[in-house]
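Right, one structure below, let's go through it.
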Amino acid sequence: MPLTQSTRDGHLLLLVSGGFTIFQAAEYKPQLLGVLDNADDMLELDMSACDELDTAGLQLLLLLRREAIAQYKQLLLVGAGPAVQNVLSMLQLQDLMRPDSDSDSDSPSASLQGLA
């Protein structure tokens, strides 16, 4: 299963494996938002096993970030495989995913961390 949910240190952990592209976008969107809704104050996202990321997948990732901010939840990117790192780097979005770059929120609680 490409999206696997578990817990770690009392927080929800979502493992994304395989592709995170336009071909999975319609299926993943409600699942991602549902997992975020069920998370307490933090959702950890592990994309270390994600082998493909396109702009549709990136859009879902940014949507998840925006929704986390709206819900005052922390979204932590605890693993980013080469495909994820390459896309974020190419589009110069790796800084957007750091806690100190949360310019659209008064709180760093919803930013993605751990991409460096």
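Checking each residue of the stretch 34-51 against the condition of being farther than 19 Å from HIS11 by Cα, in contact (Cβ under 8 Å) with a residue 12 or more places away in the chain and polar (S, T, N, Q) gives no match. With the structure loaded, tell me whether LEU13 is free of Cβ contacts under 8 Å to residues at least 60 places away in the same chain, out of contact with any Cys (no Cβ under 6 Å at 6 or more places or on another chain), of a type outside the set (Asp, Glu) and closer than 22 Å to LYS73 by Cβ or whether it fails that test. Considered against the rule, which asks whether it is free of Cβ contacts under 8 Å to residues at least 60 places away in the same chain, out of contact with any Cys (no Cβ under 6 Å at 6 or more places or on another chain), of a type outside the set (Asp, Glu) and closer than 22 Å to LYS73 by Cβ, LEU13 comes out as no. If you go through the stretch 52-62 one residue at a time, do you hit one that is surrounded by fewer than 17 Cβ atoms within 10 Å (Cβ to Cβ) and part of a strand (DSSP E or B)? Scanning the stretch 52-62, I find at least one residue that is surrounded by fewer than 17 Cβ atoms within 10 Å (Cβ to Cβ) and part of a strand (DSSP E or B), so the answer is yes. Within the option set LEU112, LEU14, being at pLDDT below 90, touching a strand residue (DSSP E or B) at 6+ places or on another chain (Cβ under 9 Å), surrounded by 17 or more Cβ atoms within 10 Å (Cβ to Cβ) and not in a helix (DSSP H, G or I) holds for one residue only, LEU112. Taking the criterion of being within 11 Å of the chain's Cα centre (by Cα) and modelled with pLDDT of 95 or more, the only residue of the stretch 36-47 that qualifies is LEU36.
The values are calculated or read from the model by the stated rules, or taken from the named source; none is laboratory data. A quick note: this is a predicted structure, and the numbers were derived from the prediction, not measured. For neighbour counting, all protein chains shown are included, and Cβ atoms are generated from backbone atoms with ideal geometry for every residue, glycine included.
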